[in-house]
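First the structure, in the form of C-alpha cells, and then the observations on it.
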Amino acid sequence: MSDQQVRVRFAPSPTGKLHVGGARTAIYNWAFARANDGVFILRIDDTDPTRSTDENTQIILRAMRWLGLDWDEGPEVGGDFGPYKQTERLDLYRQAAQKLWDEGRAYPCFCTADELSAIREEQENGGAAITGYFGKWAKCRSLSFEEQKRRIEAGEPYVLRFRSEGDENKRIVFDDLIRGKIEMPENIIDEVLLKSDGVPTYHFAHVCDDHFMRTTHVIRGEEWISSVPKHIALFKACGYRVPKYAHTPQVMKTDETDGTKRKLSKRKDPEASVSYFAQSGYPKEALTEYIMTLLNSNFEDWRRANKTADIFSFPFNLKKMSVSGCLFDLAKLNDISKNVISVMTADEVYERTLEWAKEYDDEYYTVLSENESKAKLMMNLDRGGK
C-alpha cells in the first residue's frame, strides 16, 4: 500500500432488492477498508429514473444494516465529499463534461435512435469485430463548430460523446489486485458522457465520483473487466488519477434442472436477494460468515483458531482470493447458521426470534410475547454445555 489512506466504495443502484453478489462486494470493500484502517463509502447510483426509487434506496440501506455493515461516508451519515446520491451531483458531472468539450475531448452527437440502430445493423451484417460509435460510423465526430452551433440553436436533441483517442492496434495493461496483470485492447468507442436530458451515463458518472470522492481502490465484480479500457481512458482524459482495480469472481449456483453452473439470478433464485435470508430467519452473522468463507482461502482456518473473534478482525487479503466463480452452497450456509445459533444464549435466541416474528409472523409473535418464560425454558434446552 502507498501512504495514501485507503478509500473504497460500494455503489449500488436502487433498482430493487440487494443481490447476494452485491452484498458480497459490499462486505469485501468493508473488510478491506477495516483491514487497512481505511474509509468505506456508500454511494447510491440512482441516475436510472425508470427504476431508481427512494423506497428501493431504503431497502438497500436496511439490508446493509441487517448485514452489520456501517459506512463511514454516505447517506444519513454525510462526509466531506458528498452528496452521496448521483442525482444530487448533476452539476459536478456537467462541469466535468464541459471541460472535456472545451478541450476538444467531447462533442455533441445528433444521431437518432433509428440512425444508431442502422449503424449497429450495418456493423453486424458486415461482420465487424467491434460494434459501437467509432471510426467511419462516428458521423457527428467531424462536424464543424458552426454546424454544431447551428443544430444546437435549432433545438435538435443531442448527447455529448467522448472523443476517444484509442487505437485498436494498441493495448493497455493494468494490474488487477486479484488477477494480476491483464492486457486488453485500447478503447476506441466514442462513449456517451451525458444523455440528451443532461444526465450522465454510469461510465462517466462513476469516473467523476471516484475522483472527487478520492477512491483509491475499486473492488467490483468481474463483469466490469471489459469496461476497464474505457474507464481508464476517461480517467486520463479528465486528468484524474486511475484507481487500483480488483475484480471479484461471480457468485454461481448449480442449476437443479440440468446440473450446470450458472450465475445466481434475481429473477430465478429467491436466495439471490439478501432479504430472503432475513425473512427466512437466518441470523445475519451466518450470512456474513458464509460470505467470508468465499472471500479468502484461509478464512476457515482462521475461524477455527479464533472461534469467538469478531468476524471483521480477519486479516482480509485480496491476493488470497480465488479468481474462479464461487458456488453458493445453501447446505453450507445452513450448517454455519446452525453453529451460530448454537452458541447464543436462550435470552438472545428469544429476543432475536421475537424481533423476527414481529416483522414476519404476527401469530408467532403473539404466542412468544405472551409466553416469554416458557419459550426461554424451551430455547435453553441443551445450551450452556461444552
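The values are calculated or read from the model by the stated rules, or taken from the named source; none is laboratory data. Since this is a predicted model, take the numbers as computed values, not measurements. With ideal geometry, Cβ positions are generated from the backbone for all residues, glycine too; neighbour counts draw on all protein chains shown. Heavy atoms of the whole protein, side chains included, go into the accessibility calculation; ligands, DNA and RNA do not. Shrake-Rupley method; radii C 1.70, N 1.55, O 1.52, S 1.80 Å.
Annotation note: of LEU61, LEU69, LEU42, the sole residue that is open to solvent by less than 20 Å² (accessible area, probe 1.4 Å), out of contact with any His (no Cβ under 8 Å at 6 or more places or on another chain), under 23 Å from TYR282 (Cβ atoms) and free of Cβ contacts under 8 Å to residues at least 24 places away in the same chain is LEU61.
Listed by first and then second residue, the pairs with beta-carbon distance under 8 Å, at least 6 apart or on different chains, first residue in the stretch 89-103 and more than 10 Å from PHE204 (Cβ to Cβ), second part of a helix (DSSP H, G or I) and at pLDDT 95 or above, are ARG89/ALA205; ARG89/CYS208; ARG89/ASP209; LEU92/CYS208; LEU92/PHE212; LYS99/CYS238. Would you check if there is a residue in the stretch 214-230 being in a loop (DSSP other than H, G, I, E, B), over 16 Å from the mean Cα position of the chain (by Cα) and surrounded by fewer than 21 Cβ atoms within 10 Å (Cβ to Cβ)? Yes, there is a match, as at least one residue in the stretch 214-230 is in a loop (DSSP other than H, G, I, E, B), over 16 Å from the mean Cα position of the chain (by Cα) and surrounded by fewer than 21 Cβ atoms within 10 Å (Cβ to Cβ).
Taking the stretch 337-358, which residues are open to solvent by less than 30 Å² (accessible area, probe 1.4 Å), under 23 Å from ILE291 (Cβ atoms), part of a helix (DSSP H, G or I) and of a type in the set (A, V, I, L, M, F, W, C)? Within the stretch 337-358, VAL340, VAL349 qualify.
A single entry from TYR290, TYR282, TYR240, TYR245 fulfils the requirement of being closer than 22 Å to ILE44 by Cβ, buried (at least 19 other Cβ atoms within 10 Å of the Cβ) and among the aromatic types (Phe, Trp, Tyr): TYR245.
Going residue by residue through the stretch 116-134, is there one that turns out to be touching a Leu at 6+ places or on another chain (Cβ under 8 Å) and under 20 Å from LEU100 (Cα atoms)? Yes, the stretch 116-134 has at least one match. The single residue among ALA138, ALA97 that is within 28 Å of MET213 (Cβ to Cβ), surrounded by 14 or more Cβ atoms within 10 Å (Cβ to Cβ), modelled with pLDDT of 95 or more and of a type in the set (Gly, Ala, Ser) turns out to be ALA97. In the stretch 250-271, the count of residues that are within 25 Å of LYS17 (Cβ to Cβ), in contact (Cβ under 8 Å) with a residue 60 or more places away in the chain, in a helix (DSSP H, G or I) and of a type outside the set (Phe, Trp, Tyr) is one or more.
Here ILE172 meets each of (1) farther than 29 Å from SER13 by Cβ; (2) in contact (Cβ under 8 Å) with a residue 12 or more places away in the chain; (3) not aromatic (Phe, Trp, Tyr); (4) not in a helix (DSSP H, G or I) with one exception, condition (1). Pairing residues of the stretch 200-222 that are hydroxyl-bearing (Ser, Thr, Tyr) with residues that are part of a strand (DSSP E or B), at Cβ distances under 7 Å and at least 6 apart in sequence or on separate chains, gives THR201/VAL192; THR201/LEU193; THR215/ARG7; THR215/VAL8; THR215/ARG9; THR216/ARG7; THR216/LYS244.
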